[in-house]
Amino acid sequence: MLKIGLTGGIGSGKSEVSGRLSAKGAVVVDADAIAREVVEPGTPGLARVVAVFGDEVLRPDGSLDRPKLGSIVFADPEKLAALNSIVHPLVGERVAELQAQAPDDAILVYDVPLLVENDLTPMYDVVIVVDASDDVRIRRLAEHRGMSEADAKARIAAQASREKRLAAADVVIDNEGTLDELAARVDEVWQDLRGRAARG
């Protein structure tokens, strides 16, 4: 089993790359999706979040108001740490379950936004970083997510610097061009990963 850590700053296009690797046969474990799953209504995770942050982080239907919670934690490092101390262990347990279910010869891709920030690089055989300049990312966040420039800059500032992320990379996927260019680069990377897996 070849374990790949896939990361990239917000707006870099990491999810696009993750989807393309999945289509090629990689087993993708999406940390963001799991982080949402562990705080769904009725879960112990959501109960713990509400115990720490109060009912104001809930929507009227009882689900987590993620934008509201985000506005609280991204402005305060201590509150962000408190949230992470609830969510990260739950995500870790679920990831271990999914890994145990994957075939022995799988190319397992962990889609982890905060891989560098949380010093997780030693857990993976190969670290892939999807890279784009801050300017490109800010523009994408405005166009695709309707985020204000100030909001986008705050999210980027809350993550590792581009330099620190690139320093952790075994493989870099530059994603400032067209989707066709990205597809060609993902093809190259997939062939490389298959070669590494075959060599064991």
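Of the conditions (1) at pLDDT below 90; (2) over 27 Å from Gly200 (Cβ atoms), Gln99 satisfies every one except a single condition; which number is it?
(2) is the only condition that Gln99 fails.
Pairs needed: first member in segment 149-178, touching a residue at least 40 places away in the same chain (Cβ under 8 Å) and under 16 Å from Ala75 (Cβ atoms); second member anywhere, among the charged types (D, E, K, R) and assigned to a loop (DSSP other than H, G, I, E, B); C-beta distance under 9 Å; at least 6 residues apart or different chains.
From segment 149-178, the pairs are Ala158/Glu117; Gln159/Glu117.
I'm trying to understand the selection: among the residues of segment 179-200, which are hydrophobic (A, V, I, L, M, F, W, C) and in contact (Cβ under 8 Å) with a residue 60 or more places away in the chain?
Listed by number, the residues that qualify are Leu179, Leu182, Ala183, Val186, Val189, Trp190, Leu193, Ala197.
Return a yes/no flag: does segment 80-87 have any residue that is closer than 30 Å to Asp104 by Cα, in contact (Cβ under 8 Å) with a residue 24 or more places away in the chain and hydrophobic (A, V, I, L, M, F, W, C).
Yes: segment 80-87 contains one or more residues that are closer than 30 Å to Asp104 by Cα, in contact (Cβ under 8 Å) with a residue 24 or more places away in the chain and hydrophobic (A, V, I, L, M, F, W, C).
Scan segment 77-92 and tell me whether some residue there is surrounded by 17 or more Cβ atoms within 10 Å (Cβ to Cβ), in contact with a Lys or Arg (Cβ under 6 Å, 6 or more places away or on another chain), of a type outside the set (Lys, Arg) and more than 22 Å from Ser18 (Cα to Cα).
Scanning segment 77-92, I find at least one residue that is surrounded by 17 or more Cβ atoms within 10 Å (Cβ to Cβ), in contact with a Lys or Arg (Cβ under 6 Å, 6 or more places away or on another chain), of a type outside the set (Lys, Arg) and more than 22 Å from Ser18 (Cα to Cα), so the answer is yes.
For residues that are over 16 Å from the mean Cα position of the chain (by Cα) and under 23 Å from Arg196 (Cβ atoms), scanning just segment 156-174, find the one that is surrounded by the fewest Cβ atoms within 10 Å (Cβ to Cβ).
Once the filter is applied, the top-ranked residue is Ala167.
Would you tally the residues in segment 127-172 being among the charged types (D, E, K, R) and over 23 Å from Pro67 (Cβ atoms)?
Number of matching residues: 7.
In the list Asp192, Asp187, which residue meets the criterion of being at pLDDT 95 or above, open to solvent by 60 Å² or more (accessible area, probe 1.4 Å) and more than 18 Å from the chain's Cα centre (by Cα)?
It is Asp187.
Mind checking which residues of segment 119-132 are of a type outside the set (Val, Ile, Thr) and surrounded by 15 or more Cβ atoms within 10 Å (Cβ to Cβ)?
Selection gives Leu120, Tyr124, Asp125, Asp131, Ala132.
Residue by residue, here is whether (1) in contact with a helix residue (DSSP H, G or I) (Cβ under 9 Å, 6 or more places away or on another chain); (2) in contact (Cβ under 8 Å) with a residue 12 or more places away in the chain holds:
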| residue | (1), (2) |
| --- | --- |
| Glu16 | yes, yes |
| Ser22 | no, yes |
| Glu40 | yes, yes |
| Arg48 | yes, yes |
| Asp55 | no, no |
| Asp65 | yes, no |
| Gly70 | yes, no |
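Is it fair to say Val95 is under 21 Å from Val186 (Cα atoms), under 17 Å from the mean Cα position of the chain (by Cα), open to solvent by less than 50 Å² (accessible area, probe 1.4 Å) and of a type outside the set (Phe, Trp, Tyr)? Before you say what the answer is, go through the steps one by one.
Working: under 21 Å from Val186 (Cα atoms): no; under 17 Å from the mean Cα position of the chain (by Cα): yes; open to solvent by less than 50 Å² (accessible area, probe 1.4 Å): yes; of a type outside the set (Phe, Trp, Tyr): yes.
No: the conditions fail for Val95.
Which of the residues that make up segment 139-152 are in contact with a helix residue (DSSP H, G or I) (Cβ under 7 Å, 6 or more places away or on another chain), farther than 12 Å from Gly13 by Cα and surrounded by 13 or more Cβ atoms within 10 Å (Cβ to Cβ)?
Ala142, Met147, Ala152
I'm told Gly5 meets every condition in (1) small (Gly, Ala, Ser); (2) surrounded by 14 or more Cβ atoms within 10 Å (Cβ to Cβ); (3) under 23 Å from Ala142 (Cα atoms) except one. Can you identify the failing condition by its number?
(3)
The values are calculated or read from the model by the stated rules, or taken from the named source; none is laboratory data. Computed from a prediction, not measured in an experiment: that's the story for all the values here. Using ideal geometry, Cβ is built from the backbone for each residue, glycine included, and neighbour counts are taken over all protein chains shown. All accessible areas refer to the heavy atoms of the entire protein, side chains included, with ligands and DNA or RNA removed. Shrake-Rupley method; radii C 1.70, N 1.55, O 1.52, S 1.80 Å.
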